[in-house]
Structure formats: structure tokens, C-alpha cells
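Here is the structure we will look at.
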Amino acid sequence: MTRAGTDYDVLIIGSGAAGLTAALNLAPNFKVAVIAKGGLSEGATGWAQGGIAAVLEPGDTFESHIEDTMIAGAGLNNRATVEFVVEHAPAAIARLAELGVPFNLADDKSNWHLTREGGHSHRRIVHVDDATGWAVQQALEKAAADHPNITLIPDMVAIDLVTSRHGERYSGDGHVWGVYALNRKKGKVETFTARATILATGGAGRVYLFSTAPRGATGDGIAMAWRAGCRISNMEFMQFHPTCLYNLEVKNFLITEAVRGEGGRLINPVTGRRFMTEYDPERLELAPRDVVARAIDAEIKRHGLDFVHLDISHRPPDFVRTHFPNIYEKLLGLGIDMTREPIPVVPAQHYTCGGVLIDMDGRTDLPGLYAVGEVSQSGLHGANRLASNSLLECFVFGEAAARHISTHWEALPAPPPIRHWDESRVTDSDEEVVIKQNWTEIRRFMWNYVGIVRTTKRLERARHRIKLLTGEVEDYYGHFRVTPDLVELRNLLQTAELIVCSSLHRHESRGLHYTLDYPKTLAKAVDTVLAP
């Protein structure tokens, strides 16, 4: 047994924007541990190019930002959540600036430079060139590293949540006391315990063959929460970013929405025609992501293409280089000069709009467990996330969860003695090729059967394969020592099952979920909620 809660008051699983925001808000009063699966900067936050949405422009209003969010979300959003996040956005931006995030200034230096992205009716995207996420990650990470009450622990692969069933006396309430995590360097499973645990593990993009998400986005938090007893909601809404670079050597390089926001046009490379005029003649390239992604997918399938073109070469070269310096340099290194020629692009999975069901304080169904950021389903995004609302959600809900923990601290009991991870019945495996084979199979059938356009038959085929693989993976998991790849495979498979089950439950097309069997949108918008 290990006496829980002796080292940390709050445990945060994930070191991106959501987790570090929560940590910084808790640190003045509590000892906080932040664990990361790999390096502290390897999560999705650092990959975010576009920026953060907030009402900062004269003439813009909270109501306008709220309505844009609701329209993009196809009416499935929780309006109270949207209002809460939008109204707290300007203050979140101000706090980031105080931490040293060097947001671009307008030409007259009087305020920040704002760009516009798809689905937004105003310019409201504050940014740091085209690498906003990296700047934010570095500022948060530095502030956390400098705080004496925050301990940052990389290379810890979370396996399962520690709940009341792992204690000396089983209470049956599902209370969460922390997590079992594999120490990559030692190869041993360690037990982290605390009064409160916050999931900030990000999304599940790597369940798909093509994704802009980082390598570690394997749905870990969603899968762990489901196994522990949390409800999971709206997993059918997987956002596909319309414009990922098509390149056989470089995978998963995103071409930010802001390229279209600043005048980039989508062109059919065979016909030379700007095709968004046929799919959304009013909003064109600035239509919501689900609309643009389906349009590109349709053009590719109709004409037998590998990609379409995104062209911003009609804008002045200095303008392009100034606004997109990182993308320009990256493409130039690949032999593409975006100031003179179009960029080959394809859609790729980009964001998990569903996740662990939470309330306005970030609380899950289980006592002691909170979830913030992409791992959660807060009601903000509905059936499709509006561009640049993702980092915003991390800041607002990271602070909200920290605030609730602080104000209800006395109601959070200290953890009981917790059992150590038992490795006495397992051995090392000499057949890890099984993991690679199953990983590849999952990602391929999810892309082919549960992608941008779906059918019931395709979903049933995916469910059948998941059922077959589940038995194989469970058998493997039960007989061999855990490895990082095995943990991720287990979580990928669980997340894939949740996506497919959610998709089969929705008998309509709404937002990101488009099925040929139910092409119409029902009058009443209802969340999909799965219970263990």
C-alpha cells in the first residue's frame, strides 16, 4: 500500500494549455503535479497555428461570437456554455499577454492584430504570426516551471485512473484518487494520488490514418474516464480540417485556416476552377470546416484527385511572407513557394468535439475527477467546433476547474491507502508486432469507414472489426507487461468503439456527422450520451 495524497494536492494529467492553465490557477494555494506522456511541449497546444478567438474589435459583440459558435455547431451547443466561454475570452487573452505571449500588434501598434477565420463574422483571432500555440505553450510552461508549488513530470504514460475500487476499502462511489502511470525511463508503473485529479489529455486524432494531431493524441483520457465509469458524449463529431499539406514525405502539416481568412482560394487542379462557389456561394472558403472539408472530399472523389489546391499567390509576396512566415519557410524547404504557386492540400482529422461529459465547473460524473480541454465535452462546440475556439476553451475551463477545486477544497477528502500496480502475473512480450499491426488496422478502417462521409453499412463493418480486435488486445494486455505502445493501442481501440457507437446512435446528418443513410437534419438537436 502507499499512503495517498502525501505529495500532491492536485494531480493534472496533461501539460498543454488546459492543464497548465489549471495548474497556474491552483498553485498559489496547493501543491500541484503535472504529468505528461512524453515531453512537456509535445501536446496539441504547441501545434496550433491560427490563434485564439475573442471579441476585441470595435463593432464586434459577444452576441455575434456566440451566434457564430452556435451556427458552426449546428445548434447542438449548450448556449449557456457558449456564453460563459465567449464572455471570459478577452480576460483570458489579457492574462496570456501578462504571461509574456507576444501577440502580433496592429500596424498602428495601438492594439493587437486580428485576423479572420472560417465561420467568424468579424476579425477576432489574436495570434503570434502563424505559430500561436507554440508561443502560448512556452509562456505557460515557463510560468509553471518557475512556480515552487508546481512539479512538472514528463515521460509518464497514464494507464488507468485510481478509483475507490483500488483502495483498501471499496466505497462503491467511483471516487477518483489519481492515476497509475508508466515511467518511460524506469519501465515501471508508479501510483500518483491526490485529492483532485484533472484530465487534460487532449483528443483522439490518431485513431485516424490522416490527422493533424500530435503522435500522442490517442484518446487516453477519454478511454480512462470511460473505463472508470464516466459518461462520454458526442464522439461522432470528429472534425476534419480542410487543409492539411499533401506531401508523401511530410505528414500531418496543417495549413492554417487563416490562409483562407486572408484570401486563399480552393482550386480544382484539373479544371483550374474555384469550386467553393458551387458548395457555399455566400461564404465560399470561409464556410465552417465541415462544409469546406466535405466540398474538398467531394471534388477529390468526383475527379479522382489526390489533392486540391489552396492558392494565395494572388496576394502580394511580402504580405504572404509576413503573415505566414513559418508555413512559408516550411513549404519553401519542400520546394513549394506559396507566394508564386498553389499548395496541395487534403482534409485530415483535426479535432475531437466530443469527449468526457462535464459541467460548467469542469466536473465529470465521478467525485474528485475533472476534465478540461479537448478531452471534454463541455457543450461549447456542439456538432462542429468554430475555428480558434479550442485554445480558448482550455483557458476558460482550466481556470473554472481550478476555481471549483479551490472553493470546494474542504469537501474533497484525502485519499485512502491505494494498492500498488501488480506486475507479478505478467511477463515481457516478444510479439510486439501485434501492436503495430492492430494500430495500423484501426487507423485504416476508421479512415475508410468512419470518415468525412459515412453509411450505416460502413459503421457496422468498423464495429465488427473493433469487436474482433478487442478480444485480441485484451488477451495481450492481460498477459504481458504494459508498454507505451500497448497503452495507446488499448485506448485507441476503446475510443474507436465510442466513435462508432455514437455514430450509429445518430440517425441524422448534423455538423461533422454526415451519413448518406440519414442525409437530413432533425428539427430537435439532441446530444449523444453513452453510459458505461
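The values are calculated or read from the model by the stated rules, or taken from the named source; none is laboratory data. The structure displayed is predicted, hence computed values, not measured ones. A quick note on method: Cβ atoms are made from the backbone with ideal geometry, for glycine too, and the neighbour counts reach across all protein chains shown. Remember, those area values only see protein heavy atoms, side chains included, never the ligands or the DNA or RNA. Shrake-Rupley method; radii C 1.70, N 1.55, O 1.52, S 1.80 Å.
Pop the C-beta distance of HIS507 and ASP306 into the FRET formula with R0 = 30 Å and round what comes out to the nearest 0.05.
It comes out at approximately 0.35.
Between helix 433-449 and the chain, what is the angle of the helix's C-alpha long axis to the longest principal axis, kept within 0 to 90° and rounded to the nearest 10?
Taking Cα atoms only, the helix is inclined about 40 degrees.
With +1 on each Lys and Arg Cβ and -1 on each Asp and Glu Cβ, and nothing else charged, work out how big the dipole of the chain is about its Cα centre, in Debye to the nearest 20.
So the magnitude is around 960 debye.
For GLY178, enumerate residues with amide H under 5 Å from its amide H, sequence gap 5+ or separate chain, H modeled in the peptide plane.
Residues meeting the amide H criterion: VAL162, ALA194.
How long are the semi-axes of the ellipsoid equivalent to region 464-532, from square roots of 5 times the Cα gyration tensor eigenvalues, in whole Å, largest first?
The equivalent ellipsoid of region 464-532 has semi-axes of 33, 11, 10 Å.
Whole-Hz Karplus ³J(HN,Hα) for region 128-135, in order, using 6.51 cos²θ - 1.76 cosθ + 1.60 and θ = phi - 60°, x for Gly and Pro?
So the J values, rounded to whole Hz, are 10, 6, 10, 9, 4, x, 5, 5.
Quick one: angle between helix 390-407 and the longest Cα principal axis of the chain, in degrees between 0 and 90, rounded to 10, please.
In the chain, helix 390-407 runs at an angle near 30 degrees to the longest axis.
Within region 169-249, report the GluC sites (Glu not before Pro) that DSSP leaves as loop and that have at most 15 other Cβ atoms within 10 Å.
Of the GluC sites (Glu not before Pro), the ones in loops of region 169-249 whose Cβ has at most 15 other Cβ atoms within 10 Å are GLU249.
For region 350-503, give the magnitude of the charge dipole about the Cα centre (Cβ charges: +1 Lys/Arg, -1 Asp/Glu; no others), in debye to the nearest 20.
Result for region 350-503 is approximately 760 debye, rounded to the nearest 20.
Ordering ARG227, ARG463 by how much accessible area each has at a 1.4 Å probe, largest first, what is the list?
ARG463, ARG227
Shape call for region 366-520 from the C-alpha gyration tensor, a ≥ b ≥ c root eigenvalues: rounded (a/c under 1.5), prolate (a/b greater than b/c) or oblate?
oblate
Binning at 5 angstrom from zero up to the longest distance, how are the C-alpha pair distances of region 1-70 distributed in percent?
The percentages, shortest bin first, are 3, 13, 16, 14, 14, 14, 11, 8, 4, 2, 1, 0, 0.
Considering the Cα trace of the chain, what is its radius of gyration and what is Dmax, both in angstroms?
Expressed in Å, the Cα Rg and Dmax of the chain come to 22.4, 69.
Order THR81, THR483 by their accessible area, 1.4 angstrom probe, all chains in place, largest first.
Reading off the accessible areas and sorting them downward yields THR483, THR81.
Send over a whole-number figure in Å² for the accessible area per residue of the chain, probe 1.4 Å.
Per residue, the chain has 39 Å² of solvent-accessible surface.
Could you give me the radius of gyration and the Dmax of region 31-173, taking only the C-alpha atoms into account and expressing both in angstrom?
19.2, 65
Post the alpha-carbon centroid distance, region 224-303 to region 315-368, in whole angstrom.
Cα centroid to Cα centroid, the span is 11 Å.
Which of THR339, ALA387, ILE125 sits farthest toward the positive end of the charge dipole of the chain, with +1 on the Cβ of Lys and Arg and -1 on the Cβ of Asp and Glu?
Of the options given, the answer is ALA387.
Once neighbouring chains are kept in place and the probe is 1.4 Å, which whole percent of the accessible area of the chain is contributed by carbon and sulfur?
50
Once both axes come from the Cα atoms, what is the angle between helix 79-98 and the longest principal axis of the chain, in degrees from 0 to 90, rounded to 10?
90
So what are the ³J(HN,Hα) numbers for region 455-463, from phi and the Karplus equation (6.51, -1.76, 1.60; θ = phi - 60°), rounded to whole Hz, Gly and Pro as x?
Result, rounded to whole Hz: 9, 4, 5, 5, 5, 5, 5, 5, 4.
Taking the Cα centre of region 1-151 as origin, work out the dipole magnitude from +1 charges on Lys and Arg Cβ and -1 charges on Asp and Glu Cβ, in debye rounded to 20.
Dipole of region 1-151, to the nearest 20 debye: 480 debye.
Once every DSSP H run of n ≥ 4 in the chain is given -39500 (n - 2.57) and the sum is divided by its residues, what mean residue ellipticity at 222 nm do you get, rounded to the nearest 500 deg cm²/dmol?
Result for the chain, helices only: -11000 deg cm²/dmol.
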